[in-house]
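The values are calculated or read from the model by the stated rules, or taken from the named source; none is laboratory data. Remember, it's a predicted structure, so these values are computed and weren't measured experimentally. Counting neighbours? That spans all protein chains shown, and the Cβs are built from the backbone with ideal geometry, glycine included. Each accessible area value is taken on the protein alone, full model and side chains, heavy atoms only, with ligands, DNA and RNA left out. Shrake-Rupley method; radii C 1.70, N 1.55, O 1.52, S 1.80 Å.
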Amino acid sequence: MSDTGAFLNELEALLGERGLLRDSAAMARYVSDWAGASLGTPLAVARPSSAEEVAEVVRRCHAQGVAMTPQGGHSGLVAGALPAQDGQELVISLERLDRVRDIDPINFTMTVDAGCILENVKRAAWEHDCDFPLSLGAQGSCQIGGNIATNAGGLNVLRYGMMRELVLGLEVVLPDGRLWQNLTALHKDNRGYALQQLFMGSEGTLGIVTGAVLKLSPQPTQSRSALLGMPSVQAVVDLYTLARRDCCDLLTAFELIPRRCIELAMEATPTLNDPMDQPYPWYVLMEVAATGPIDLNVLLEQLLETGMERELVLDGALAGSDAQAAQLWQFRESMLEGQRRRGEHLRTDLSVPISKLPAFVSEASDAIATLDDECEIIAYGHVGDGNLHFNILPPPTMADDEKKAYLHTLETRLFEVLDGFDGSISAEHGIGRIKRAAYLERLAPTERELLEGIKTLFDPKGLMNPGRILPPG
C-alpha cells in the first residue's frame, strides 16, 4: 500500500474517531491475550459498529491489499487473533457489534451480533426460560464470533456438543467485502452444501462472522454437582462409563482434576478450603441437570453408591445448594489462575478416545519424566469428550530465556506419544500460529491440497488472517 496515512484517514472518516484507534497506548490491549502472549503492533484497530461497516472496512482493505486480523474477546490461546510483528495487519475488533437481535423461545433460537459477550448471551436466554449451553471459563469476556470462529468447546460438550452444533445460521463478511447472509432459524435445512459449517473453526481465515442464529435449549430447573476423590485415571474413566449409562443425557459435565490442581486453586483463591478430610491423587467434578420432576439427588446418590461399591470412588463432597455447587466449581476456575501465576509453561489441548485416556496419561507422563523428572505435569480435562489439557510447568529454577526451547522439546515429545494414540493436537483451542507447524507436519497431502483450495477460493489475495492454520500465501 503506497499511502498508509491516507488509507487510515479514510477509515477514520468512515468509522469516526471512536471507531479507529491509531495511538499505540490505545491499541495496547489489542496485542495480547489472556495468557499474556503478545506478538506485535497492528497497523491500526478498526472498531466498526455494524455488519455493514465491517463489510465496508474489509472492502477497502481488499482494494488496497491490506491484511486483516479479526478479533473477538482476547481469550484465545494459540495467537490466532493477535497482529503480526511487522505492523502491517489491521485489527478488526467486533466488540461494538453487541446486540441481541431476536429471541424466539418457541423455536428455541436466538439471533445475535458476533461481538456479544457469551455471558450476556446466556443471561438473555435465561430471561426467556431458555439456555445457551456453551460454558467456558472465559465466558465473561469471550465473544460469540470468536466462539464460532474457533469452534469452542468447554465444559458441556458431552451433552450439547461443540459450537458448530449450537449454530443454525450465520452472517459473514467475505474477504472481498461482500456480506453473506444466511441467518436461517431452521432446525432442518438440507439444501445442498452447508456453507456455514466452513466458517466454524476457520479462525477468521475465510471471512469475518458478524452475526449468528444460535440454538437454545430449555433452561434446566435443577442441577446437582459433586466433587469426588478417585484412586486413578482408570477409575475416573470407569465411573464416567457408569455415569454416562445411568444418567444418560442428564450428565452435563464430567471433569478430571489431579490433586495438584486442587492445590493450585487454593493458592489462587485463599477462601477455598480443602474439600475433603484427606487428599486424593485424582478428582472428578461432575454435574447433572434436568428440567421437570426428576429426582437428581436419588440419581446421583445411586451412582456414587455403586461407584463406592466398585471401589472407584474413595470419598465425595455433594453440593446441597447452589452456593455450595458454585464453590465446588470455583476449584475448576481458580486452578487455571493458579497455573497462570507460575509463569510461562506448556499449555496443550489434546484429545484421544475416552477409553485410551488412562493409557495416554501414563505413557505421556513417563515420556516427559524420562526427559526431565524435575518438571511438573498437570493433566486435567473433559473426560466426556476425551479432551485433556496435559500442561507442564518447567523447573522453578529455570531461567526465563531457557524456557521457550525447553517447552518446545517437551511438546515435541508429547505429540509423538499422542500420535501413537491417533489423537489430536487441538481438541478445542484451534491452530492459530502457535500450533501451525505441528499441525502441518501431521496433515495428509490430499487434505492439505483441499484446505489450500478452499482458502484460495474464499481469499485469493491471502489477506484474511494470514498465517493462521496455513502458511501465508
Next item on the list: Could you identify the single residue in 442, 468 that is out of contact with any Phe, Trp or Tyr (no Cβ under 9 Å at 6 or more places or on another chain) and modelled with pLDDT of 95 or more?
Entry: 468
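Per-residue answers, yes or no, for (1) open to solvent by 30 Å² or more (accessible area, probe 1.4 Å); (2) part of a helix (DSSP H, G or I); (3) of a type in the set (D, E, K, R):
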{"site": "168", "(1), (2), (3)": "no, no, no"}
{"site": "188", "(1), (2), (3)": "yes, no, yes"}
{"site": "193", "(1), (2), (3)": "yes, no, no"}
{"site": "204", "(1), (2), (3)": "no, no, no"}
Check: What are the pairs, 6+ residues apart or on separate chains, where a residue within segment 306-320 that is in a loop (DSSP other than H, G, I, E, B) has its Cβ under 7 Å from a residue that is open to solvent by 40 Å² or more (accessible area, probe 1.4 Å)?
Finding: 312/238; 314/231; 319/224
Next item on the list: Within segment 42-80, count every residue that is at positive phi and out of contact with any helix residue (DSSP H, G or I) (no Cβ under 9 Å at 6 or more places or on another chain).
Entry: 2
Check: On the given criteria, is residue 74 open to solvent by 30 Å² or more (accessible area, probe 1.4 Å), in contact (Cβ under 8 Å) with a residue 60 or more places away in the chain and not in a loop (DSSP other than H, G, I, E, B)?
Finding: no
Next item on the list: Please enumerate the residues belonging to segment 170-186 that are closer than 19 Å to residue 95 by Cα and open to solvent by 10 Å² or more (accessible area, probe 1.4 Å).
Entry: 174, 179
Next item on the list: Count, please, the residues in segment 95-114 that happen to be outside any strand (DSSP E or B), out of contact with any Ser or Thr (no Cβ under 8 Å at 6 or more places or on another chain) and touching a residue at least 12 places away in the same chain (Cβ under 8 Å).
Entry: 5
Notebook entry, point to check: For segment 365-398, how many residues meet the condition of being open to solvent by 20 Å² or more (accessible area, probe 1.4 Å), assigned to a helix (DSSP H, G or I) and of a type in the set (Val, Ile, Thr)?
Noted result: 1
Item checked: Members of segment 281-298 that are farther than 13 Å from residue 319 by Cα, touching a residue at least 12 places away in the same chain (Cβ under 8 Å) and surrounded by fewer than 19 Cβ atoms within 10 Å (Cβ to Cβ) -> 281, 291, 292, 294
Item checked: Criterion: in contact with a strand residue (DSSP E or B) (Cβ under 9 Å, 6 or more places away or on another chain), of a type in the set (Asp, Glu) and farther than 26 Å from residue 165 by Cβ - qualifying residue of 238, 277 -> 277
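Results for (1) in contact with a Ser or Thr (Cβ under 7 Å, 6 or more places away or on another chain); (2) more than 30 Å from residue 361 (Cβ to Cβ); (3) in contact (Cβ under 8 Å) with a residue 60 or more places away in the chain, shown as yes or no for each residue.
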position: 182; (1), (2), (3): no, yes, no
position: 186; (1), (2), (3): no, yes, no
position: 190; (1), (2), (3): no, yes, no
position: 193; (1), (2), (3): no, yes, no
position: 203; (1), (2), (3): yes, no, yes
position: 207; (1), (2), (3): no, yes, yes
position: 213; (1), (2), (3): yes, yes, yes
position: 220; (1), (2), (3): yes, yes, yes
position: 227; (1), (2), (3): no, no, yes
Item checked: Residues being in contact (Cβ under 8 Å) with a residue 60 or more places away in the chain, farther than 16 Å from residue 394 by Cβ and either assigned to a helix (DSSP H, G or I) or touching a Leu at 6+ places or on another chain (Cβ under 6 Å) (or both) - total across segment 329-364 -> 19
Check: Pick from 199, 254: which is in contact with a His (Cβ under 8 Å, 6 or more places away or on another chain), buried (at least 20 other Cβ atoms within 10 Å of the Cβ) and modelled with pLDDT of 95 or more?
Finding: 254
Note to self: I'd like the full set of residues that are in a helix (DSSP H, G or I), open to solvent by 70 Å² or more (accessible area, probe 1.4 Å) and among the aliphatic types (A, V, I, L, M), limited to segment 424-458.
What the structure shows: 450, 457
Next item on the list: Within segment 128-142, track down each residue that is touching a residue at least 24 places away in the same chain (Cβ under 8 Å) and either over 11 Å from the mean Cα position of the chain (by Cα) or on the phi > 0 side of the Ramachandran plot (or both).
Entry: 128, 129, 130, 131, 132, 133, 141
Checklist line | residue 421 vs. criteria open to solvent by less than 70 Å² (accessible area, probe 1.4 Å), touching a Ser or Thr at 6+ places or on another chain (Cβ under 6 Å) and either farther than 24 Å from residue 472 by Cβ or outside any strand (DSSP E or B) (or both) | finding: no
Check: residue 416 passes all but one of (1) exposed (fewer than 13 other Cβ atoms within 10 Å of the Cβ); (2) in a loop (DSSP other than H, G, I, E, B); which number fails?
Finding: (2)
Notebook entry, point to check: Which one of the conditions (1) surrounded by 22 or more Cβ atoms within 10 Å (Cβ to Cβ); (2) β-branched (Val, Ile, Thr); (3) outside any loop (DSSP other than H, G, I, E, B) does residue 241 fail to meet, given that it meets all the rest?
Noted result: (1)
Note to self: For segment 225-235, check the following and say yes or no: at least one residue is out of contact with any Pro (no Cβ under 8 Å at 6 or more places or on another chain) and in a helix (DSSP H, G or I).
What the structure shows: yes
Next item on the list: Would you confirm whether any residue within segment 459-473 is open to solvent by 80 Å² or more (accessible area, probe 1.4 Å), under 28 Å from residue 197 (Cα atoms) and among the hydrophobic types (A, V, I, L, M, F, W, C)?
Entry: no
Notebook entry, point to check: Taking segment 316-343 only, how many residues are in contact with a strand residue (DSSP E or B) (Cβ under 8 Å, 6 or more places away or on another chain) and buried (at least 17 other Cβ atoms within 10 Å of the Cβ)?
Noted result: 10
